[in-house]
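A.B. asks: Supplied in structure tokens, the structure appears directly below.
The values are calculated or read from the model by the stated rules, or taken from the named source; none is laboratory data. Quick caveat, the model's predicted, so the values are computed rather than measured. Methodologically, a virtual Cβ is constructed for each residue, glycine included, from the backbone with ideal geometry; neighbour enumeration extends over all protein chains shown. We work out accessible area using only protein heavy atoms, side chains counted, and drop any ligands, DNA or RNA first. Shrake-Rupley method; radii C 1.70, N 1.55, O 1.52, S 1.80 Å.
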Amino acid sequence: MNKNEIAAMDTERGYLALSDFNLNEALSEELAGLDGGFERIKLPAGGSTTFEIPGEEPGKTEAVKEFSGVILYHHPLYAFYRDKYAGGTNPPDCGSYDGVTGQGDPGGSCAACPLNQFGSGENGAKACKNRRRIYILREGEILPLLLSLPTGSLKEFSRYVKRLLARGKKTNSVVTRFSLTKATNAGGIAYSQAQFAVERGLSSEEYALIGPLSGQIKARSRIVSYEVDNPMDAPMADPETGEIIPALN
């Protein structure tokens, strides 16, 4: 299926268009020998409230204040670089896909690692950057987009997930609306903080199709590169209380 066919899909069907789609088959057939990663949604720096999402034309982006989609899967992503990260897809010296165990040098328990403590990096930050990857599927599309949440947005995401769980919902059972607000950390540095809200629940028919796709994304998540969209995580503490913002494990 080419991009024009994807764009022409009837969005009024919601996520029912997934009934004839298999992610693994599509990637193996259409992207054999090509980059099999997912396009990324970028958060701005300096407190801007506009996302950059992939545009219709290759290499072009679109600036939006908000967007919506189903969270197919999300997981921690920890990365430590001995030399200052300068962009790209190079693997870190030590990394973790679960926020529990690091692989590489120094490796081992993330909770006990001194590089995963505040104050071990620049400006009181952690030397090991804690982020959370979110795979998002928008209506009318069949390939997810990847959003990498920096530390300053993890607390809001944790609150959102807990609100859903309190209502017996999972993140892949609703359409989530994503937006940004300007926040300031304890050091007076402005940053962009992601916000989350339920736009609507999925129908039982839609949810039945989302479940298998979530499983496929989870299985593929460990082979997606460690590329970081915004390596400078300014906010490392709750700007209101000064408390450490924990990752959601």
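A.B. asks: For the subset of the stretch 51-67 comprising residues that are buried (at least 16 other Cβ atoms within 10 Å of the Cβ) and at pLDDT 90 or above, which member is nearest to Val198 (Cα to Cα)? I'd like the intermediate steps shown before the answer.
C.D. replies: First, the residues of the stretch 51-67 that are buried (at least 16 other Cβ atoms within 10 Å of the Cβ): 51-54, 67.
Restricting the remaining residues to those that are at pLDDT 90 or above gives 51-53, 67.
On the way: Phe51: 18, Glu52: 21, Ile53: 20, Phe67: 12 Å.
The residue in question is Phe67.
A.B. asks: Determine whether Ser173 is modelled with pLDDT of 95 or more and more than 13 Å from the chain's Cα centre (by Cα).
C.D. replies: Working: modelled with pLDDT of 95 or more: yes; more than 13 Å from the chain's Cα centre (by Cα): yes.
The answer is yes for Ser173.
A.B. asks: Which condition number does Ser28 fail, the rest of (1) open to solvent by less than 20 Å² (accessible area, probe 1.4 Å); (2) at pLDDT below 75 being met?
C.D. replies: (1)
A.B. asks: Identify the residue in the stretch 210-224 that is of a type outside the set (D, E, K, R) and open to solvent by 50 Å² or more (accessible area, probe 1.4 Å) and, among all such residues, is modelled with the lowest pLDDT.
C.D. replies: Ile223
A.B. asks: Same structure, new question: Here are the criteria: (1) open to solvent by less than 20 Å² (accessible area, probe 1.4 Å); (2) farther than 25 Å from Ser28 by Cα; (3) hydrophobic (A, V, I, L, M, F, W, C). Tell me which single one Ile71 does not satisfy.
C.D. replies: The single condition Ile71 does not satisfy is (2).
A.B. asks: Here's another thing I want to ask about it. Somewhere in the stretch 197-206, is a residue at pLDDT 90 or above, surrounded by 15 or more Cβ atoms within 10 Å (Cβ to Cβ) and of a type in the set (Ser, Thr, Tyr)?
C.D. replies: Taking every residue of the stretch 197-206 in turn, none turns out to be at pLDDT 90 or above, surrounded by 15 or more Cβ atoms within 10 Å (Cβ to Cβ) and of a type in the set (Ser, Thr, Tyr).
A.B. asks: Looking at (1) surrounded by fewer than 19 Cβ atoms within 10 Å (Cβ to Cβ); (2) touching a Gly at 6+ places or on another chain (Cβ under 6 Å); (3) farther than 20 Å from Ser48 by Cβ, which is the one condition that is false for Lys182?
C.D. replies: (3)
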